[in-house]
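Student: This is the structure, below, for whatever I ask next.
Throughout, read-outs are computed from the coordinates displayed, never taken from laboratory work. Note that the coordinates shown come from a computational prediction; the quantities given were computed from them, not determined experimentally. Cβ: placed from backbone, ideal geometry, glycine included. Neighbour counts: every protein chain shown.
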């Protein structure tokens, strides 16, 4: 795996990375609220793709401006997009990283969440060095490296919690 040139790195590798405030946060929050209302009415089935990047026993987590739960880089897949292509696109859009190889399927499941049936696929990669990360301050407001135990102590999206619980059982 290689990383694209980041626009900005705020902290040394392995440290928490905080972003500056952004006026786009209002847009993201409003769009998320509208989506939740739509999901409540329609009860749709959604498909998402997430990426678990591990380096030195630590997992890269992110937090968005519109949700208080921690997540992995990722999001909804576009129409006609494969899960793998969606994972690669989301990591580039959210963190400025280009993934060239090394992603392997780590978890796949469907969970009832936010009035929708959410099918999520987690792709996983192990990195030799901590890549520089760009946090835009609009959609992604925080990114940081945590051990599995530290991550499980945080409020996580349900799919990420299940992925980590399954992974922790496999590693033990």
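Student: Rounded to the nearest 5, what is the percent of antiparallel bridges among the DSSP beta bridges in the chain? Show your work: numbers first, answer last.
Tutor: Values: 24 of 36 bridges.
Beta bridges within the chain, antiparallel portion: roughly 65 percent.
Student: Rank these for me by crowding, 118, 136, going from fewest to most other beta carbons within 10 Å.
Tutor: 136, 118
Student: Contact order normalised by length for the range 32-123, with contacts defined as Cα pairs under 8 Å and 6 or more residues apart; what percent is it? Present the calculation step by step, with values, prior to reporting the outcome.
Tutor: On the way: 142 pairs, mean separation 33.6, N = 92.
It rounds to 36 percent for the range 32-123.
Student: Sort out for me the Cα centre separation of the range 48-66 from the range 128-172, rounded to whole Å.
Tutor: Comparing the Cα centres of the range 48-66 and the range 128-172, I get a distance of 4 Å.
Student: Another one. Compute the projected area of the convex hull of the Cα atoms of the chain, averaged over all viewing directions, and report it in nm² to one decimal place.
Tutor: Value for the chain: 9.6 nm².
Student: Given an 8 Å cut-off on Cα distances and at least 6 residues of separation, report the relative contact order of the range 17-171 as a percent.
Tutor: 35 percent
Student: Let me ask something else. What's the Cα-based Rg to Rh of the range 30-88, Rh via Kirkwood?
Tutor: Reported Rg/Rh, Kirkwood definition of Rh: 1.03.
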